[in-house]
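Taking it in order: structure first as structure tokens, then the write-up.
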Amino acid sequence: MAMSYLCRRQLFSRCFRLTSRKFTTNSRLHDSFQQPRDPSVVKEENQDVTAIDSLLNVVKLRVDPRFSSVVPMRIPSLWAEARLATQQEETLRPPKNVQSTNYSLQNLPPRTMQDSYTEFVLPFATDPNLLEEYVNASGGIRTGKLMEHLDSLAGSISYKHVLGPNSNSTLKVEKMGLYIVTAGVERLDMLRPLEPTHDLRLSGQVIFTGRSSMEVVVRIEALAEDSSKKDETILLGRFSMVCRDAKTNQAHLVNPLVVSTEEEKTLFAIGQDLKSKRASLARRSLSRVPPSSEEAAALHENFLKLGEVIDQPSYIGYHHEPSAQVKVVATDTNGLEYTAELVPMSETRIERCMLMFPQERNVHQKIFGGYLMRLAYELGFSNASMFCRGRIRFLSLDEISFKLPVPIGSILRLTSLVLYDDFVKERVNNEDKVYQLLHVGVKANVVDIKTSTEMTTNEFRFTWRGEENLGAPPVILGVPELRKVRKVVPKTYREAMLWLEARRAVAIGEEIRELVTQRTVH
């Protein structure tokens, strides 16, 4: 039921005309090369994010508030009872070669976008005790805990689409005959700073369905203090959910989605594009195809500038004071001079091993995906903070891939690497400020204690920026000093591919934030 390409772009244009305002845009500072702007990826990504935010406001007007409550995603039963039920289920589970039940779309009642709409409010501004549970050391909100909520919200939305809008009781997988899991998170973009002085509304709905998959959009809004002001979108994200048969673990059909208004048709088309784009990006992955000529040139230029210095034998490591030989004075394309402490990518590695306890289980008797998101975020945050040696601000979750479930009782090894860094320039109060931007990867592996082998269950990609203004050099005894920054450098071909993949994600995220600022700044 997708709209034609021309009709969809016309509706995009209409949305932009209604919401766009003129302003002074942010701009990127590039260390040694011009960042690419791939029209086939970056432009469409920007249009999707800004159009979704505008269209959701229109679609929400048709929501029945009686059915917007959250479906619980945690099991209240005791772990001993859950273990017994799981053992009984395993004895009754059919062989793997047994075919799934012959479901038919004709037997599934269609749903509307309003049917799956779900929301809940975190009243930080009015409940200091609740705020105390979420506050971080700097007085802000723990973003990792919000991510945990968003994953739970996406699951609740998906179950509501399949089971019906009035399904708000505890889920019982064995009785439903199906279960829903997160296949991946496309993006979570922090469009505005997260302030603890506002109540937050977390909401979302299904915008597209395939045969056994759903595209779910979630967002966080800062609620206006009074009716004279408007709620502001703080974060917008997209989850990909898949439905499975509880007995065979094979694909289970989901209810078809019916759309009627122009806004709903556009959201449906965007969701369809997201699904096809994901397949296209997978085919373009550097694990499958070589980098483009432009990317190869950028990588080579980075090597000529930084690579030879870091190969010197006097380098003594990421967690120690660097020797004079590993410092270089560099100038970026906008004239920012700095002293760079070069750090091999492999030296930015930090790890954390944890036991997975049943208190963090979901309705499928596996470790809750949102809990893993929070653990990965906190480890990545720690790594980025240590790398830039200062406070940082979250910008985006650029991708999560859920490859395997994490069993209860397993040992989880989380490994983080700083994959890429750059500079970002922002104009604040008619003053240009320069910040360091960091892209960090976190990999989650389940360890087999008998064989010492590991299997990757999740991969996460995050982007932060430093809070320190690098555009104002420090002054010592009245004499300006060069700004000191740390630069990550890949040393192997595999690290170079990780560096380029991170560079692609950073380009998309920066374009999204720039376009959002254009719409909101006078």
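Return yes when Asp189 is open to solvent by less than 20 Å² (accessible area, probe 1.4 Å), assigned to a helix (DSSP H, G or I), among the acidic types (Asp, Glu) and touching a helix residue (DSSP H, G or I) at 6+ places or on another chain (Cβ under 8 Å) and no when it is not.
Details: open to solvent by less than 20 Å² (accessible area, probe 1.4 Å): yes; assigned to a helix (DSSP H, G or I): no; among the acidic types (Asp, Glu): yes; touching a helix residue (DSSP H, G or I) at 6+ places or on another chain (Cβ under 8 Å): yes.
So Asp189 does not fit the description; no.
Can you list residue pairs whose Cβ atoms sit under 7 Å apart, with the first residue in region 260-277 being among the basic types (Lys, Arg) and the second being buried (at least 22 other Cβ atoms within 10 Å of the Cβ)? Count only pairs 6 or more apart in sequence or on different chains.
Close Cβ pairs (under 7 Å, with a partner that is buried (at least 22 other Cβ atoms within 10 Å of the Cβ)) amount to Lys275/Phe208; Lys275/Glu215.
Pairs please, first residue from region 380-402 and part of a loop (DSSP other than H, G, I, E, B), second anywhere and of a type in the set (Gly, Ala, Ser) and open to solvent by 10 Å² or more (accessible area, probe 1.4 Å), Cβ atoms under 9 Å, 6+ apart in sequence or on different chains.
Matching pairs, first to second residue: Arg391/Ser138; Arg391/Ser385.
Within region 466-505, take every residue that is surrounded by fewer than 18 Cβ atoms within 10 Å (Cβ to Cβ) and assigned to a strand (DSSP E or B) and give me the one that is modelled with the highest pLDDT.
The qualifying residue modelled with the highest pLDDT is Lys484.
What are the residues in region 121-142 that are part of a helix (DSSP H, G or I) and open to solvent by 80 Å² or more (accessible area, probe 1.4 Å), if any?
Kept after step one, since they are part of a helix (DSSP H, G or I), are these residues of region 121-142: 128-134.
Pro128, Asn129, Glu132, Glu133, listed by residue number.
Out of curiosity, is Thr415 touching a Leu at 6+ places or on another chain (Cβ under 8 Å) and assigned to a strand (DSSP E or B)? Spell out how you get there, then give the answer.
On the way: touching a Leu at 6+ places or on another chain (Cβ under 8 Å): no; assigned to a strand (DSSP E or B): yes.
Taking the combined requirement at face value, the residue does not satisfy it.
What's the number of the only condition in (1) at pLDDT 90 or above; (2) out of contact with any helix residue (DSSP H, G or I) (no Cβ under 7 Å at 6 or more places or on another chain); (3) more than 20 Å from Arg187 (Cα to Cα); (4) part of a strand (DSSP E or B) that Pro405 fails to meet?
Answer for Pro405: the failing condition is (4).
For region 335-380, which positions are of a type in the set (Gly, Ala, Ser) and over 23 Å from the mean Cα position of the chain (by Cα)? Step through it out loud before you land on a result.
Initial filter on region 335-380 (of a type in the set (Gly, Ala, Ser)): 335, 340, 346, 369-370, 376, 380.
Across region 335-380, the qualifying residues are Gly335, Ala340, Ser346.
Cβ-Cβ below 9 Å, separation at least six or inter-chain, first residue in region 285-310 and part of a helix (DSSP H, G or I) and open to solvent by 60 Å² or more (accessible area, probe 1.4 Å), second at pLDDT 85 or above and aliphatic (A, V, I, L, M): which pairs?
Sorted first by the residue in region 285-310, then by its partner, the pairs are Phe303/Val489; Phe303/Ala496.
The values are calculated or read from the model by the stated rules, or taken from the named source; none is laboratory data. All values reported here derive from a predicted model rather than from experimental measurement. All Cβ positions, even for glycine, are placed from backbone atoms using ideal geometry, and neighbour counts span all protein chains on display. Only protein heavy atoms, including side chains, enter the accessible area calculation; ligands, DNA and RNA are left aside. Shrake-Rupley method; radii C 1.70, N 1.55, O 1.52, S 1.80 Å.
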